[in-house]
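Single-structure report; data block below.
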Amino acid sequence: MFALVDCNNFYVSCERVFNGKIHHKPVVVLSNNDGCVIARSNEAKALGIKMGALAFENEDFFTKNNVEVFSSNYALYGDMSDRVMKTIAEMVPDMEVYSIDEAFIDFHHMPYEDLEALAQKIRQRVKQYTGIPVSIGIAPTKTLAKVANRYTKKYLPHIGVYQIDSDHDAEKALVNTSVEDIWGVGYKYAKMLNEHNIYNALELTYAKEEWIRQKMHVVGVRMLHELQGTICYNLDNEPSPKKGICVSRSFGQSQKDVKVITEAVATFAARCGEKLRKQQSCAHIVHVFLYTNRHRQDQPQYFNSKVLQLPTSTNSSIEIIRYALRGLELIFKSGYSYKKAGVMISGIVPENQVQIDLFDTRKREIDTKAMKALDELNRRMGRDTVKIAVQGFGRDWHLRQERKSRCYTTRWQEILEVEAWG
DNA sequence: TCTGGGGTCCTAGGACCC
DNA sequence: TCTGGGGTCCTAGGACCC
């Protein structure tokens with residue numbers, strides 16, 4: 001058996017842990033730049049606020065309905081996620097952190113009859129230790145555990161656990177799951193399945209394997225088997241190193257100034273270097289891109305990107321920045337209002353398997369030492385305590401985050417203070 | 001000049017996930 | 001003024017190898 005633990009309305013729940021005033025009220029969390037809704041409380045869902053709803057279009061609606069609106073606070077959510085995952089890890093033999101708010105558990109070696117009770121214990125302890133409510137689905141495959149989890153949230157929120165333990169349990173959950181809610185079915189496949197009169201997960205399990213293979217390829221066949229109870233995906237408890245790394249942002253305000261955009265791109269490149277070093281990899285392809293705001297019909301549009309090959313794979317921020325800025329120089333055209341830029345890194349190899357260049361003259365040991373010192377200082381003293389000069393200090397390009405909550409758990413200056421009268 | 005049978009690597013595009 | 005930011009896997013086709 002597998003279980004899927006999923007935090008309820010995770011970002012909203014994180015905000016609620018530190019803010020007693022927003023319990024039982026409609027709450028939404030917005031994407032970067034306060035663009036659109038990416039998390040909703042149950043009360044907000046009940047008001048009909050959709051995932052992805054545009055913030056600027058709904059300003060009046062939010063005010064009229066007393067909706068509490070937050071900018072996203074990833075420092076808080078990331079730290080809360082760590083706490084939830086650590087709490088679960090202490091209670092089970094083997095788990096996989098699947099996303100910021102989800103974890104799979106392998107119950108392979110657990111006494112069978114105890115699973116539901118154990119799941120309830122996990123729920124209680126996570127709530128007690130972190131303040132975050134979770135729901136748990138238990139089933140013979142990961143895909144069915146996802147189905148069970150969704151079923152709990154929708155139909156048994158007060159219980160919070162659903163176990164698929166028989167054909168009857170499975171059918172009950174599957175018939176109540178629309179195809180678009182199945183793990184692995186997105187917008188396109190849902191449309192295609194509906195056109196062939198397949199509307200729920202149970203109907204899908206009756207489909208012919210060859211037909212699925214033709215329409216949805218092997219990934220679809222695996223999904224079919226998983227829904228039928230045959231394991232195709234096992235627990236993946238050792239995250240493999242990333243094959244591509246991307247850091248990009250929309251600017252809070254459109255930017256024309258090459259200096260500001262240079263600082264932004266340098267910062268993105270530095271962040272790529274950090275991520276590479278964190279997973280002990282090096283890379284030799286740097287890809288820079290630059291956009292104007294495609295939603296503005298009234299402004300001239302420009303998009304360009306440049307891919308640069310490095311002679312030797314590196315994870316030095318200094319070197320990655322140098323190439324990224326060379327790329328930027330080649331694509332930047334003045335006169336446009338830029339909205340977004342980014343740096344992508346690929347051609348990633350483990351740092352101990354770097355093919356060195358016979359004619360390389362760069363003193364790599366110096367960079368390596370410098371990066372190590374920089375990472376250590378930033379780890380101890382906070383991000384960007386030490387940075388490369390070209391990243392600048394202005395951050396004129398930074399995100400719009402007008403309604404961000406405090407970093408309650410990651411910054412001493414922002415920790416909650418409690419006053420008591422005796 | 002054309003023929004056969006076996007491969008690999010790379011890229012672009014399309015689907016999906018959170 | 002205002003529209004997020006990351007990732008994965010699979011397939012088909014082309015270039016190339018012996």
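Derivation of every value follows stated rules applied to the coordinates shown; laboratory data play no part. Everything quoted here is computed from the prediction, not taken from an experiment. Here the Cβ is made from the backbone with ideal geometry for all residues, glycine too, and neighbour counts use every protein chain on show.
Quick rundown of the values:
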{"read-out": "Estimated dipole of chain A in Debye, rounded to 20 [Cβ of Lys and Arg +1, of Asp and Glu -1, Cα centre]", "value": "1520"}
{"read-out": "Relative exposure of A:S317, A:S31, A:S178, judged by other C-beta atoms within 10 Å (fewest first)", "value": "A:S178, A:S31, A:S317"}
{"read-out": "Linear extension gain, A:R125 paired with A:R395, 0.36 nm per residue minus alpha-carbon span", "value": "93.1 nm"}
{"read-out": "Proxy reagent accessibility, fewest Cβ within 10 Å first, across A:F61, A:F104, A:F56", "value": "A:F56, A:F61, A:F104"}
{"read-out": "Efficiency of FRET between A:K256 and A:L377 - r from beta-carbon atoms, R0 35 angstrom, step 0.05", "value": "0.55"}
{"read-out": "Förster radius 56 Å - calculated FRET efficiency between A:C407 and A:I231 (Cβ-Cβ, nearest 0.05)", "value": "0.85"}
{"read-out": "Chain A: C-alpha gyration tensor shape, a/c 1.5 cut-off, then a/b vs b/c", "value": "prolate"}
{"read-out": "Segment A:R213-A:S240, extension gain: residue separation times 0.36 nm, minus the distance between their alpha carbons", "value": "6.9 nm"}
{"read-out": "Interchain or long-range residues, amide H under 5 Å from A:T177's placed H", "value": "A:A201, A:L202"}
{"read-out": "Gain upon complete extension [A:Q280, A:E180; 0.36 nm per residue less C-alpha separation]", "value": "32.2 nm"}
{"read-out": "Percent breakdown of C-alpha pair distances by 10 Å bin, ordered from the shortest bin, for segment A:2-163", "value": "11, 38, 32, 15, 3, 0"}
{"read-out": "Set of aspartates and glutamates near A:K256 by C-alpha distance (under 17 Å), chain-local residues within fewer than 8 positions excluded", "value": "A:D298, A:E329, A:D396"}
{"read-out": "Cα gyration tensor, segment A:379-422 - rounded (a/c under 1.5), prolate or oblate", "value": "oblate"}
